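The structure under discussion appears below in the form of structure tokens.
The values are calculated or read from the model by the stated rules, or taken from the named source; none is laboratory data. Only a predicted model underlies this, so the values are computations on that prediction, with no experimental measurement involved. All Cβ positions, even for glycine, are placed from backbone atoms using ideal geometry, and neighbour counts span all protein chains on display. Only protein heavy atoms, including side chains, enter the accessible area calculation; ligands, DNA and RNA are left aside. Shrake-Rupley method; radii C 1.70, N 1.55, O 1.52, S 1.80 Å.
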Amino acid sequence: SSGYLTVPVVGAGTANTEFEVLTGMGIQYFGLGEYPYKTIMKETSCESAASDLKQVGYSTHALHNNGGNFYSRADVFSQMGFDSFTSKELMNITEYNEIESWPTDDILVEETGKILDSTENQSDFIYTITVQSHGSYPTYEVFEDPAIEVTGGETEEENYQWEYYINELHEVDQFIGDLVNELNSRDEKTLLVLYGDHLPTMGLEDSDMNNGSIFQTTYATWNNFGLDMEDQDLTSYQLMAYMMDQLGIHEGTIFSYHQSAMKNGTVNS
């Protein structure tokens, strides 16, 4: 299953898209400029996909190859009901991207395997945040012999920015392939959901987009047990409800509400 995903931010603000995905709540109902991860979520617990899936026997984990205190995640994930959070500080990271600003994402394959090995005979929910293709995007040449060469920009600097971004995505693509192979090698039914949290800070406008909106990314899924493909455009706060519905899971007040609303035709409310 795949489709467009309407997100609340562009260029930055990963935590607010993440909040919507994990809680089913729209950020528009909070104050202007609000980041719940930095305010209310540091003080109180909250229903989330993690806490709801725990109710039906799942072990729940968060995984991120960046610092645990970024966006206060070390505090927030415990408030959301995650059993564990593996951050950069707990990984043996030795490889960084070409400008050494972010760790490469391939380490997350091994870390995912460690989590799955630690919970034998139990279902797992793993929420993973990647970083390799994150900005900023340099205006100078980074790749002497890029796998993908970019031309056609208005300036040479713009070509270099897009070339860096596209080649980082190319490496992330390889990481995703390795992750799929790792998951497929295990005798466990698995649903992998991949989504973009926001478009990059590259001066994009609505008119540049095929879909006409810089607030729409995409999501795509993979599974190894024959789950039917049901393409649907969604908002980020509907994504988890939609996926859990496909798995026959109907837990939690907010996610159950979204499942009912989508069945009644209010998909992009």
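Return the total of residues in the range 123-165 being open to solvent by 50 Å² or more (accessible area, probe 1.4 Å), under 23 Å from the mean Cα position of the chain (by Cα) and modelled with pLDDT of 95 or more.
4
Which of the helices (runs of 4 or more DSSP H) found entirely inside the range 1-93 contain at least 2 residues meeting this: under 29 Å from Glu110 (Cβ atoms), open to solvent by less than 10 Å² (accessible area, probe 1.4 Å) and touching a Pro at 6+ places or on another chain (Cβ under 9 Å)?
14-23
Table: residues versus (1) within 21 Å of Ala50 (Cβ to Cβ); (2) in contact with a helix residue (DSSP H, G or I) (Cβ under 6 Å, 6 or more places away or on another chain).
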residue	(1), (2)
Tyr164	no, no
Tyr195	yes, no
Asn210	no, no
Ala241	yes, yes
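Can you report the number of residues in the range 221-230 which are open to solvent by 40 Å² or more (accessible area, probe 1.4 Å) and closer than 11 Å to Ser2 by Cβ?
Selection size over the range 221-230: 3.
Please go through the range 1-55 and pick out each residue that is closer than 26 Å to His250 by Cα, of a type in the set (Phe, Trp, Tyr) and modelled with pLDDT of 95 or more.
Tyr4, Phe19, Tyr37
Of Asp233, Asp245, Asp197, Asp208, which residue is of a type outside the set (Phe, Trp, Tyr) and open to solvent by 70 Å² or more (accessible area, probe 1.4 Å)? Write out each step before concluding.
Numbers: Asp233 fails: open to solvent by 70 Å² or more (accessible area, probe 1.4 Å); Asp245 fails: open to solvent by 70 Å² or more (accessible area, probe 1.4 Å); Asp197 fails: open to solvent by 70 Å² or more (accessible area, probe 1.4 Å).
The unique qualifying residue is Asp208.
Select from the range 194-225 the residues that are of a type in the set (Phe, Trp, Tyr), part of a strand (DSSP E or B) and without any contact (Cβ under 8 Å) to a residue 60 or more places away in the chain and list them in ascending order.
The answer is Trp222, and nothing else.
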